[in-house]
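FYI, it's all coordinate maths here, none of it is from the lab. What you see is a predicted model, and the numbers here were worked out from it, not measured in a lab.
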Amino acid sequence: MKEVKALNPSELKALWTAEEAQAHIRRWDFSHIQGRFDEERDLPWQYRSVVGEYLRESHVLLDYDTGGGKFLRSLGHPPSRTAATEGYPPNVRLCEKTLLPLGIDFRPCADPGAMPFSSETFDIILNRHGSFHAGELFRLLKPGSIFLTEQVGEDNDRDLARRVLPEAEKPFPHLNLTEQRRILEAAGFQILRGEEAYRPIRFYDVGTFVWFARVIPWEFPGFSVERCFDRLLALQEDLQRDGVIECTIHRYLLVTRK
């Protein structure tokens, strides 16, 4: 629902509080705010295309932190040569229902440093927006095999976080291309490709941002409409002037070989 310019502060607060009350997420599903924000439309790489450059039908594939497994299923890789892990309990249950019946070797795992597979099992390991342990990945890959990851960087949404929570610190310092490249090289990996990008994320009403901030508490710790109301009103003024609230996402891509 679009906010109306004529709404007074009390009406805006009621509208935003209603969004806050709906701010829960299942399976990393952002459909509640679909069409009300934009992001990742102009990254210099396309994750699926990069995966396609390296994945072969003969490969034994692991998708670590697969989420709900939707992207993995979309690859259509032979199930007998496909494995996946996930640590978030609701997604674990979903993967058990959707991946195991396909014949995919799904195993719950919440510790990237203790993955439940034998050494030198995989030809390629994928990881998108999940944590990883470089040494454990090196153990799991066959010699000459590929680890490919796209990550959310340490500066993701920081400009907007500082506007509503100026005292908030970075939740994940060191998540940047330079430092993560160094960590992977120290573990023995050869870097085949490394790219980093800062791109806009745009919100078309303040209520959308309220929902977004509440479902990503690690980026907006302690955020609430009540606590940040005056700063939300300032965002509303920007929206009325510019038609959009814009901040910056941070992503980086690494393709490595053992």
Seminar exercise, completed: Expected vector for region 74-81, Karplus 3J(HN,Hα) from phi with 6.51, -1.76, 1.60 and θ = phi - 60°, integer Hz, x for Gly and Pro, equals 5, 6, x, 6, x, x, 5, 10
Exercise. Where the convex hull is taken over the Cα atoms of region 150-239, what is its projected area averaged over directions, in nm²?
Worked result: 6.7 nm²
Exercise. Non-local amide H neighbours of D65 (under 5 Å, H modeled in plane, Pro and chain starts lacking H): which ones?
Worked result: T85, E86
For this session: Check cross-link reach from K170 to the aspartates and glutamates: straight Cα distance under 14 Å, and skip same-chain residues fewer than eight apart.
Result: E154, D155, D157, D159, E219
Seminar exercise, completed: To the nearest 10 degrees, the tilt of helix 9-21 (Cα long axis) against the first principal axis of the alpha carbons of the chain is 20 degrees
For this session: Show which aspartates and glutamates lie in cross-link reach of K142 when reach means a straight Cα distance below 13 angstrom and same-chain residues fewer than eight apart are skipped.
Result: E120, D123
For this session: Collect residues whose amide H, placed 1.01 Å from N in the peptide plane, falls under 5 Å from the amide H of A168; neighbours closer than 5 in sequence don't count.
Result: none
Seminar exercise, completed: Calc'd 3J(HN,Hα), region 201-207, phi into Karplus 6.51 cos²θ - 1.76 cosθ + 1.60 (θ = phi - 60°), Hz, glycine/Pro = x, comes to 10, 10, 10, 9, 7, 5, x
Exercise. How big is the gap, in Å, between the Cα center of region 132-168 and the Cα center of region 57-112?
Worked result: 20 Å
Exercise. Which translational diffusion coefficient, to the nearest whole µm²/s, is obtained for region 1-142 from the Stokes-Einstein equation, given a Kirkwood hydrodynamic radius over C-alpha pairs, 10 °C and 1.306 mPa s?
Worked result: 90 µm²/s
Problem set entry | Average silhouette area of the chain, convex hull of alpha-carbon atoms, in square nanometres | 14.1 nm²
Seminar exercise, completed: Residue by residue through region 165-181, the couplings from Karplus 6.51 cos²θ - 1.76 cosθ + 1.60 with θ = phi - 60°, in Hz, x for Gly and Pro, are 9, x, 8, 5, 8, 4, x, 9, x, 5, 8, 8, 4, 4, 6, 6, 4
Problem set entry | Reciprocal mean inverse distance between Cα atoms of region 68-171 - Kirkwood radius, Å | 15.5 Å
